[in-house]
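The structure appears below as structure tokens.
Every number in this text was worked out from the coordinates using simple rules, so none of it is lab data. As the structure is a computational prediction, the values presented were derived from the model and not from experiment. Glycine also receives a Cβ, built like all others from the backbone with ideal geometry; neighbour counts cover every protein chain displayed.
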Amino acid sequence: MTTSPPQPTLDFYRRDGCEPCDEARFALQAVMEDRAKRGDPNPRVRYVDVAADSDLEARFGARVPVLTLGQDELALAVSAGAIAQLLDRNLGRAA
């Protein structure tokens, strides 16, 4: 039996009522749908509300939305192109 490597987790740091956060969520979904159509791997996504944790609020503050995947971080992540590059760098492409 072959085991596949664990699916990586992309942390999506956001805040309620944040319009750029909503834009980033839609862009991320579109990028992940494109990757799935090509057969490229996608991460699990964990949404984290920075307002619920004072340490996260201090760390990310006005930079949300922030996407992190492994050691790679993308602040103010609203561009589908930048999000695609983040996923390609960390997860590769099928072909």
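Table for the structure above
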item: Residue among Gln85, Gly61, Phe26 farthest towards the positive dipole end of the stretch 14-91, charges placed on Cβ; result: Gln85
item: Kirkwood hydrodynamic radius (C-alpha pairs) into Stokes-Einstein, the stretch 14-91, 20 °C and 1.002 mPa s, D in µm²/s; result: 167
item: Estimated dipole of the chain in Debye, rounded to 20 [Cβ of Lys and Arg +1, of Asp and Glu -1, Cα centre]; result: 380
item: On Cα atoms only, tilt of 19-38 relative to the major axis of the chain in degrees; result: 0
